[in-house]
């Protein structure tokens, strides 16, 4: 049986990023950029004022020893978006708004708060007075043309993630559409005769299908586009038909039907559909029965994905949850163009004792508190069907395969679960509110 | 002028969670639960096997001193989802799959790997042999009915965030739909005559509208439903019409037109539309011109939100980005039902010197490396129009308002930006790959 590390490497080796495609700027949020992007403009496009104030010639204010009151005639005013008007001399000023172009002859802007304006026929727009001793240096409150971006310069590299600031920059350089790596398509197929839909009351021996909704949510959270195939029954033709549909996706996730039971049809059906097994079973708790295979489509397979990664997850929801985070989420990230998809791992200190065995690495539901060090509380759980343990967890504590008695205070590595408010970095766990 | 802390408190005081509404289970991902949820089932619904194996009576294996080979007739087999069949005595066993109900008379399950099956007429389904000295204790590999969930028990409390594990649990307890706090609706309205759309080449004095796409992405990233109002011009009737549309949303964000320039129409238009100013200007860099107000709708305002929070963000994109994270994102979180929305703040150590003044707190684009301590590199930036600095940042370093020369090695608090691969906890910054 292979280790979790070996299994992840085999998964990542089989996962190739999807080819880039053009999408509108709005659709690119969260995607990986599929091209280098150069600026088609200088930014700012002209020397511009960083404040509301008066564009002046710094020379009008003389040396630092000078201590006289300066009074200038205001000859024009310019707002952002307007063309520069007027020509500033040593006796004149132009009123400028934030973002306005700097008029000819001016080399500094004095903030409006530092000046006093008066209606006065000496200037077409009155006069402005500056206090004695005010320091005005050439370039102050002016941003030079091209200081932020220069035309032709690559401003975003192929392979970066497109977040809101990147969206703003793409807009600034005129990219109404952009090449990105598309999100992978993931098909979800829980299996088992014991499953009933959430809207029904389970009869004797039946349970509700919790894996389906949970895995769909996990795949959406990981950034995939999800297709819900419904529930596969322990019936060869029906299961084979659903698997065939699932192979149109980039990733097919099944749940259940991969342990050693005599009626476990899933691996059989997958092999028959041309999915080559890469591994079956991992030295991992929970999640040992994990099955992984790849189907490489031939030329004749029109409409199907170029290749499909197939994860046969165990049927118990805690097992499928752990396997999803360890193997499926990194595969989705790799297909979406992230070069080195990694789980988020942070060291902490155990609050509870734990007895670990040598046969399999254990990933235990845990709550990591933000602190120095981070305290790690193990959540009591009753086996791999106990979803309540996961509801209270924000991390999985990782115990490598070795016979060892962990004591409170021992260091332990945790895999942080992606969360909103549940994260250790937010809500009650954060150091302080703003 | 008020501080950023005072401003945030005023914003949160004005932000009331939206009333809960029922949505389908699939739509509830990422929302805050608006009701207590009790289980309508016992889970598991019956004593069940945790492994593939043989259900036996532990008594058949005798005391610990006993050292004989045990051989039992296999009288039936049960899969998950089937009804229990057969009655186990001390001389018999029933083959059970993972998840199968435990038949009458059995009180333990021995894993299939620990037994050897043989075709033998002594049992209807052969016989199974167990090695000498095998320890079998009552209850082993059995999960008791109701061990995970008991019928009637509240399993999810009102106010928690619905993540994939919660979705799984909601499915298990039969919630096809659920009351959640709906996502707030956010209208986005950048303003200014200097703005041209991304698809056009800006003429002299013009710049592209980068704020609109960036703010729309920020609001989507924060979990809001976004309405794009296009660009507001410096024209009273047109701006008033767009603001009127924006007041149908829970939050209206404008950008530009709030600094002290003579043509800054936005606060005027907002006041005229019945939006009461709460504050204007914050001791903050960048972001000082921030305007915030609230419109409480009367009975006659059908179709409009019960009340609308209005943020007049500065027009420079770095300023609007910082103001969004400090004030708008917490407001969205509060409206979405998160009781104590907080920015994610982590302490680090400066890698660079920094000169801070007493007039305003500074939020400086930074890159925080994962480490012990976390190193904080300040990203060079050229004022509040320089979006490139944000593209390279994963955090904002916080320098409180005080005259102080920061030296490399000094502690500094950082506000972590929500990110994917850009986060300090992922990609190159993570301690090690799985």
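Here, each number is a calculation from the coordinates, and none is a lab measurement. Computed from a prediction, not measured in an experiment: that's the story for all the values here. Every residue, glycine as well, gets a Cβ built from its backbone with ideal geometry; the counts of neighbours run over all protein chains shown.
When each of A:381, B:291 is scored by the number of other beta-carbon atoms lying within 10 Å, the sequence from fewest to most is A:381, B:291. Which shape class applies to the stretch B:48-143: rounded if a/c is under 1.5, otherwise prolate when a/b exceeds b/c and oblate if not, where a ≥ b ≥ c are the square roots of the Cα gyration tensor eigenvalues? Since a/c reaches 1.5 but b/c is at least a/b, the shape of the stretch B:48-143 is classed as oblate. Helix B:4-14 and the longest principal axis of the Cα set of chain B meet at an angle near 70°.
Quick one: if the Förster radius is 56 Å, what FRET efficiency do residue B:340 and residue B:117 give, using the C-beta to C-beta distance and rounding to 0.05? E(calc), rounded to 0.05, equals 0.45.
Label-point spacing at residue A:118 relative to the other copies reads 11.7 nm, in ascending order, each point sitting 7 Å out from Cα along Cα→Cβ. Only helices enter this figure: runs of n ≥ 4 DSSP H residues, each worth -39500 (n - 2.57), summed and divided by the residues of the protein assembly as shown, yield -4500 deg cm²/dmol at 222 nm to the nearest 500. Please state the shape class of the stretch A:351-410: rounded when a/c is under 1.5, otherwise prolate if a/b exceeds b/c and oblate if not, all from the C-alpha gyration tensor. Since a/c reaches 1.5 but b/c is at least a/b, the shape of the stretch A:351-410 is classed as oblate. Taking label points 7 Å from Cα along the Cα-to-Cβ direction, residue B:38 and residue B:404 give a separation of 5.3 nm. With its label point put 7 Å out from Cα toward Cβ, residue B:151 sits 7.7 nm from the same residue's point in the other copies, in order from shortest. Once the Cα atoms of helix A:211-221 and of chain A are each reduced to a long axis, what angle between those two axes, in degrees from 0 to 90 to the nearest 10, is obtained? It works out to around 20 degrees.
Does the stretch A:193-248 come out rounded, prolate or oblate, given a ≥ b ≥ c as the square roots of the eigenvalues of its C-alpha gyration tensor, rounded meaning a/c under 1.5 and, failing that, prolate meaning a/b above b/c? Oblate, because a/c is 1.5 or more while a/b does not exceed b/c. Take residue A:238, move 7 Å from Cα toward the beta carbon, and the resulting point lies 6.1 nm from the same point in each other copy, nearest first. The gain in end-to-end length when the residue A:271 to residue A:104 segment is fully stretched comes to 52.5 nm, 0.36 nm per residue minus the alpha carbon separation. Between A:135, A:277, A:221, the residue with the greatest mean-square fluctuation in the GNM of chain A (Cα pairs under 10 Å linked by springs) is A:135. Once the Cα atoms of helix B:236-246 and of chain B are each reduced to a long axis, what angle between those two axes, in degrees from 0 to 90 to the nearest 10, is obtained? Between the helix axis and the principal axis of chain B, the angle is about 10 degrees.
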